[in-house]
Amino acid sequence: MPWCPECKAEYVDGITTCTTCGVPLVDSLEETEKQVEFLNTKKEVFAKRFIEFLEYSNVKNASYSYKEEEESYVVLIDKKDQKQVKKLYDAFYSVESEKTLKAAAAKGSLTSDSADFKKDLSEDDEAAEQAYAESAYEDAAYEEEEPSAETTDDSVTPEEDLEDEIPEELFEQEEIQGIFESARPPVVESATYVKKEEQYKDLSSSASSFIIVSIAGLVLLVLNAVGVISIFSGALSYIVMGAVLIAFLIIGIVTYKKSKQVEKEISEENSVTDTIQEWLEANLTKEQVDGFSNASASEEVQFLQKLEKMKAMVVAKFGEMDDKFLDRLMEEYYDEHFEEDSDEN
């Protein structure tokens, strides 16, 4: 019997939409309990196109429905797919917004004082991050849309082709202008992972600096107070300098304690690193790694595709772990074991 995922009402067979909520019915409520709302959008075409992209990318059970109370379309996905869908959405949004900006620029619908807008967009496309996003999205979503020789019209100008190719209706005009003014939508924070050993050295160095400076300063302050030296004068100077030096001392002590906590984690991290590297050496060959990427893609994209596959293998074997830690570990392992071979070839 079909059920409504919103109001939990049960319907007879043959009915496909809830008469109260207006959302598609599901065969079991257990399916919806494992699903979460991923995004809301006013544009049905945006939700529909994103769902099509997810389905093409082998993300199962993704759907969208209209919420009357919010007057928007909500995209539902399985909870277990959140991490994967987030990466796919970043690629989807990045490419669609970039293409929409180009279409808007060609139509002259953007408010801009920059005469080199198209040139700037082209330069952005050359970045490795953008190239990866375009590859991840276009390889899946646009593979079937490549025009054949039979349908190619040589008389179409690049500007006309751009306008036909890019669905500007995916975004509101205000959103298009906002994307343009901010250069591109915010991306997920990406920073290089700092190893525990490096963290310990940095923290120890900072702690030593704060403690030494504060103690030396307090000694000078005392010597000045007893008349051995004469640098400061007046109660206010003593109060201000004393407060600053004591604050430095507290920061130094706190930083020192934190460095000791990190020091205890060094051996564990090194052990995990050694275990993963040994497993990779025993189970991964250069031929396998080369097969992880699309040979027709750029070198930067191929490199990122290889790292993603290597990360997936490690996660499948050892379970989930810090993404940034894995990124750095896989990059270092690849550079040490496969980069030299690639350069020789």
So if I check each of Leu249, Leu236, which one is part of a helix (DSSP H, G or I), farther than 29 Å from Leu307 by Cβ, at pLDDT below 90 and assigned by TED's automatic domain parsing to the domain that holds Leu307? Leu236
Suppose we keep only residues that are over 26 Å from Glu320 (Cβ atoms) and surrounded by fewer than 15 Cβ atoms within 10 Å (Cβ to Cβ) within region 49-96. Which one would you say is modelled with the highest pLDDT? Glu52
Being polar (S, T, N, Q) and assigned to a helix (DSSP H, G or I): is that true of Asn270 here? yes
In this structure, does Lys102 turn out to be basic (Lys, Arg), over 23 Å from the mean Cα position of the chain (by Cα) and not in a loop (DSSP other than H, G, I, E, B)? yes
Thr255: touching a residue at least 24 places away in the same chain (Cβ under 8 Å) and either among the aromatic types (Phe, Trp, Tyr) or in contact with a Ser or Thr (Cβ under 8 Å, 6 or more places away or on another chain) (or both), yes or no? yes
Any idea which residue in region 209-231 is nearest to Ser259 (Cα to Cα), counting only those that are surrounded by 16 or more Cβ atoms within 10 Å (Cβ to Cβ) and either without any contact (Cβ under 8 Å) to a residue 12 or more places away in the chain or in contact with a Ser or Thr (Cβ under 7 Å, 6 or more places away or on another chain) (or both)? Phe210
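Just checking, does region 171-183 include any residue being among the hydrophobic types (A, V, I, L, M, F, W, C) and at pLDDT 90 or above?
Narrowing region 171-183 to residues among the hydrophobic types (A, V, I, L, M, F, W, C): 171, 176, 179-180, 183.
Checking the rest, the ones that are also at pLDDT 90 or above come to none.
No, the conditions are met nowhere in region 171-183.
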Under 9 Å between Cβ atoms, which residue pairs at least 6 apart in sequence (or on different chains) link something in region 63-91 that is in a helix (DSSP H, G or I) with a partner that is of a type in the set (S, T, N, Q)? Lys79/Gln35; Asp81/Asn61; Gln84/Ser57; Val85/Ser57; Leu88/Ser57; Ala91/Ser135
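The values are calculated or read from the model by the stated rules, or taken from the named source; none is laboratory data. This is a predicted model, so every value here is computed, not measured. Glycine also receives a Cβ, built like all others from the backbone with ideal geometry; neighbour counts cover every protein chain displayed.
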